[in-house]
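Since every read-out is calculated from the coordinates, none of them should be taken as a lab result. All values reported here derive from a predicted model rather than from experimental measurement. Every residue, glycine among them, receives a Cβ derived from its backbone with ideal geometry; neighbour counts consider all protein chains shown.
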Amino acid sequence: MLKAVIFDFDGVIADSELLHYKALNAVFNRYGVDVPKEVHWEKYLGYSDLDNIEAVNRDYRMGLDDAKVQVLIDEKKVIFDELVVSGSIIIDGVAVFIRRLIDSGIRRAICSGALRSDIDLMLDGSGFGNAFEAIIAADDVKHGKPDPEGYLLALDKLNQSGDPVKAGECVVIEDSHWGLEAAAAAGMNPVAVTTTYNRNELAPKAKKVVDRLDELSIENLRALCDADAST
């Protein structure tokens, strides 16, 4: 039975992956490091800001201590916020799909590696600021994707505020293999959207792949959960 849909945020609801890269690399440039876009997409996409900066710090031998890493996180946020307010970044098809879930009484949550303040900033301008019952952000977890911690915490939040939901009654929407792996590890039903990676890269980790979220019907989602229940 389908009871809830849990969304990743960057690359699923908001087309903000490029903005995150631009903001991060602008900060790295201040410290004499340049991370090419293709390297970011291959190695760091899907990381939280903390995990990303720590990985670049290690890979590029920047020599930053924990306090300096936090400085870079703060600097990145300032640049990112400036980029966000310059225009709408909600992905085509998302609004229709969220409305479809609302009309069908399907519960909704977000589990993202982004900071909660970034998510709130983008949702406030989208018209869907109150559309999600639970939001789990990078601030809330110790281990980022592909660890399932965030998705399990989102499930726990849903169970604190309504009728019980089992992991197998949740569909997860993701745009990266890290997120798909996290959803599967949490016992949920992963669906991929090809906003960031191509279909061939995502298909091995997903139960279904779409190019736009408004391609998904409620019947599609229910079928995934029903199949999961029967195995």
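Averaged across orientations, what area in nm² does the convex hull of the alpha carbons in region 1-105 project?
Over all viewing directions, region 1-105 projects a mean Cα-hull area of 8.5 nm².
Take the Cα radius of gyration of the chain and divide it by 2.2 N^0.38 Å, with N its residue count; two decimals is plenty.
On the way: Rg = 17.3 Å, N = 231, 2.2 N^0.38 = 17.4 Å.
Rounded to two decimals, the normalised Rg is 1.00.
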Practice task
Only bridges with both residues in the chain count here: give the DSSP antiparallel percent, nearest 5.
Solution key: 5 percent
Problem - Neighbour cut-off at most 14 other Cβ (10 Å), DSSP loop, trypsin sites (Lys or Arg not before Pro), region 27-90 - result: ARG61
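For the chain, what does the helix formula give at 222 nm: sum of -39500 (n - 2.57) over DSSP H segments with n ≥ 4, over the residue count, nearest 500 deg cm²/dmol?
Values: 9 runs with 102 residues, N = 231.
When only DSSP H runs of four or more count, the value is -13500 deg cm²/dmol.
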Exercise for the section: Treat region 105-228 as a sphere of radius equal to its Kirkwood radius over Cα pairs and apply Stokes-Einstein at 25 °C in a medium of 0.890 mPa s; give the translational diffusion coefficient in µm²/s, rounded to a whole number. Expected result: 165 µm²/s
Handout entry: Residue-wise HN-Hα coupling along region 30-36, computed from phi with Karplus coefficients 6.51, -1.76, 1.60 (Hz; x: Gly, Pro)
Key = 5, 10, x, 10, 10, 9, x
Problem - Between region 17-67 and region 197-219, the Cα center-to-center distance that results, in Å - result: 28 Å
Problem - Integer Hz, Karplus 6.51/-1.76/1.60 couplings in order for region 128-137, x for Gly and Pro - result: 10, x, 10, 7, 10, 6, 9, 10, 10, 10
